[in-house]
Structure formats: structure tokens, C-alpha cells
Amino acid sequence: FIREARSPELPVVLLEDLAALCGLVFALAGVGLTLLLDEPLWDAAGTVAIGVLLLVVAVIVAVETYGMLVGEAATPQTVEAIRHALAATPAVTTVIHMRTLHLGPDELLVAAKIGLDPDLTTAQVAAAIDDAEARLRAVVPIARRVYLEPDIPREPAAEPPASGVGASPEASA
């Protein structure tokens, strides 16, 4: 749950409450053993155990919520669902590349470059983009910000030989 949560509040509250309960057990054990055995070392041991517990919880919270603070990509399943929704749009020939970013627990940004049929008119391109956005949002409702860049897929061209300014001496020889 802690690793899958998209809202940082829930894991933090869960871990804080769990640490509080464990800390109470450590304190009770330390004080109880001190009174039972008449040895103050157990009280100190309970205090140290509480300190270590707090340190461990702080590290776990920092590691697990870091991605939520700086932005985290969508899960692979969500990315695949988005890719499939875009590819299912009739005018889309290919999904060239795509990036996703969680802007919040219930908000996803999607930026994609999609290949379209080169024979489409401007109005048809706009309609295709609207259709692709609607299909994407139907599959992934949290995709609130969607930026689609239309492109015409091209075959990779052979690189021309280097020449001119900045070319290596071997290439122009």
C-alpha cells in the first residue's frame, strides 16, 4: 500500500500511527523492565529503541514519498492503457513517444507525439486529436492534462556523409 499510494498523506499517517503504537510498546517494556528488575538501563534501552524506530520510519517516509514530491510517472499498466487508447484512434497510425507525470494523487499529465495519416486536412487532424483525447480520458479518467503533438511518421533516412563546417577530417577526405 505504501509504495502504490499516489497520495502522500495516507502512507505518512499510517506509518506515524504504527510508529506511535510501537513506541508505546517500547516505552512500556523499558519502564516495566526497569521497575521489575530495578535496573535503569532498560529505560534507556526503551528510549533508544524509540529513537531508532523514529529514524527508520522517517527514512521509509522520505524514500516512499520522494517520487510524489518531485513527480512520478504513471504505472506501466496505465502507460500501456494510454498507448492502446491512442493507437485505437482511427486516424492515428502510431504513437511515436509519450511521457506521463503525476501532478497530484488524482491528476495525470500526458504528453505524446502521435503519427497521423499525411493526407488528413487540418480539420481532420483537429478532429483526430479530439477523438484521441476522448478515448484516452475514457480509459484513464485522471489524465486531466493531455498534450498531443501530431506528426507524420517518416522512415529513418540514411545519414548523409559529414562535410562542411565541423566535419571531421576523415569524413571529408
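Can you compute the modelled spin-label distance between Leu101 and Lys113, with each label point 7 Å from Cα toward Cβ, in nm?
For Leu101 paired with Lys113, the spin-label model returns 1.7 nm.
Fully extended, how many nm does the chain gain between Ala58 and Arg145 (0.36 nm per residue separation, minus their Cα-Cα distance)?
Separation in residues times 0.36 nm, less the Cα-Cα distance, equals 28.1 nm.
Direction-averaged shadow area of the convex hull around the Cα atoms of segment 9-70, nm²?
Averaged projected hull area, Cα only: 3.8 nm².
For all pairs of alpha-carbon atoms in segment 20-141, what percent lies in each bin of width 10 Å, listed from the first bin to the last filled one?
12, 26, 16, 12, 11, 11, 8, 4, 1
How far apart, in nanometres, would the label points at Val31 and Arg154 be if each is projected 7 angstrom from Cα along the Cα-to-Cβ direction?
Those two pseudo-labels are separated by 7.5 nm.
FRET efficiency for Leu21 and Ala73, Cβ-Cβ distance as r, R0 = 25 Å, nearest 0.05?
With R0 = 25 Å, the Cβ-Cβ based efficiency is 0.15.
Rule-based calculations on the coordinates, nothing more; no lab input. No experiment lies behind these values; they were computed from the predicted model shown. Positions of Cβ are generated from backbone atoms using ideal geometry, with glycine treated the same way; all protein chains shown enter the neighbour counts.
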